[in-house]
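Data block below; observations after.
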Amino acid sequence: MLLERAGIRTTLLCRTPEQAEELSGARQNERYLPGVELPRDLRVRALGAEPDQFGRADLLLLAVPSRGITEAMEEIERLGVPDRAGIVSLAKGLVPPDGATPTALLEAAYGPERVACVGALEMVEHGAGLVCASRSEALAHRVAEAFQRAGVVCEVSDDPVGVELAGIAKNAAAVAVGATQAQGLNAAGMAAADIFLEVLSLSASSGGKARTFVGRAGTGDLVATALAPMSRNRSAGELLAQGVPAVEIPDRVGQAVEALETVPALAHAIERAGVEAPVTSALARLIEGTLPVDDWVALVRAKQPPPASFRRPSTWWVRLRAWFGRHFGSRSLDSER
């Protein structure tokens, strides 16, 4: 809808002919966006219904859950995409079974210059704050400018790893908030902060930037989720705290809750990276049903962050004296002056 609003000829691809027929007839997505009318010029087609469906595409946006990225890539290969087309992931999550980020898989298949991701995707009706990240400056600006023409603020980033992991951290933190908020806002805040810090450590070990986590893709998106009255991830956490098994939660919420699949994969990815993540690991066990809610709450309340490393600040003079000491032995700097 935003792309069409920006004046870009856009086709919405549906998984089945039945979905395409339903959306074309109703001109709205009654399940996910009831009451929001699709633009008149937005084309709606079933995936693979036309020969050379991607032949004229300049951008291909993959608006699928992270678990569907591999299948989407298979469809891209089957249907063929021009070499000039940029491929943009909108997924928030890790791709099973290895827990790779979507852009990592896409970059391996199509090259980093053709791949981007968009984080902090929120509303189409009342504006949004977006972040487009790519290793290609030209592609990042091309995508950002398209959203900006639709009247949406879109930041440009060169940190796709950070943007994707910040979005994952936000979803995990929102589940943790929901699972803990009955114990008070302070406990919920501690759980969210601990998860953010643990995923930030994973991001840093993978080349991500800390600035991304404190920007719109990280804390900005977390605040938006915390304030949203119908946040799926926070609602999932609340249901977990009530003892509802994770497998039953999507039906209760009425939509897929990607964090329920992502958090266990995230815990494994953090473990493989050699990063300590007791809170994220505990949240994964809570989702898997192997950690009681009371034990989860006790861990959040009792976890003590590592102490600060108090170091005496070194001035340029101290560093210079040390350098002379290393290079000139016992002769003092004063004797050289």
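So the values come out like this:
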| read-out | value |
| --- | --- |
| Simple Cβ-charge dipole of the range 54-211, Lys/Arg +1 and Asp/Glu -1, about Cα centre, in debye nearest 20 | 160 debye |
| The range 61-91: trypsin sites (Lys or Arg not before Pro) falling in loop per DSSP and having at most 12 other Cβ within 10 Å | R84 |
| Calculated from backbone phi, Karplus (6.51, -1.76, 1.60) coupling profile of the range 142-152 in Hz, x at Gly/Pro | 5, 5, 4, 5, 4, 5, 5, 5, 8, x, 10 |
| Charge sum, other residues only, whose C-beta stays under 9 Å from P160's C-beta, Lys/Arg counted +1 and Asp/Glu -1 | -3 |
| Rounded accessible area per residue of the chain, 1.4 Å, Å² | 53 Å² |
| The chain: relative contact order as a whole-number percent, Cα under 8 Å and 6+ apart | 12 percent |
| Residue among A298, A169, A192 with the largest mean-square fluctuation in a Gaussian network model of the chain, springs linking Cα atoms under 10 Å | A298 |
| L197, L240, ranked by accessible area, largest first (probe 1.4 Å) | L197, L240 |
| Relative contact order of the range 99-244, pairs being alpha-carbon contacts under 8 Å that are 6 or more residues apart, as % | 23 percent |
| Net charge of Cβ neighbours under 11 Å - reference A150; Lys, Arg +1; Asp, Glu -1 | 0 |
| Solvent-accessible surface ranking, highest first, for H141, H268 at 1.4 angstrom | H268, H141 |
| Phi to ³J(HN,Hα) by Karplus 6.51 cos²θ - 1.76 cosθ + 1.60 over the range 105-113, Hz, x for Gly, Pro | 5, 5, 5, 5, 8, 10, x, x, 6 |
| Karplus (6.51, -1.76, 1.60) ³J(HN,Hα), θ = phi - 60°, over the range 282-293, in Hz, Gly and Pro reported as x | 5, 5, 4, 5, 4, 5, 6, x, 9, 10, x, 4 |
| E164 accessible area, 1.4 Å probe, all protein chains in place, Å² to nearest 10 | 10 Å² |
| Max mean-square fluctuation residue, GNM over the chain, Cα-Cα springs under 10 Å, options K303, K170, K209 | K303 |
| Under 5 Å, built H, 5+ apart or other chain: amide partners of L291 | L286 |
| Computed E for A49/E22 - FRET, C-beta separation, R0 22 angstrom, nearest 0.05 | 0.95 |
| Rounded percent of accessible protein surface that carbon and sulfur make up, the chain, 1.4 Å probe | 53 percent |
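The values are calculated or read from the model by the stated rules, or taken from the named source; none is laboratory data. No experiment lies behind these values; they were computed from the predicted model shown. Quick reminder, even Gly has a Cβ in these numbers, built from the backbone with ideal geometry, and neighbours come from all protein chains shown. For accessibility, only protein heavy atoms count, side chains too; no ligands or nucleic acids. Shrake-Rupley method; radii C 1.70, N 1.55, O 1.52, S 1.80 Å.
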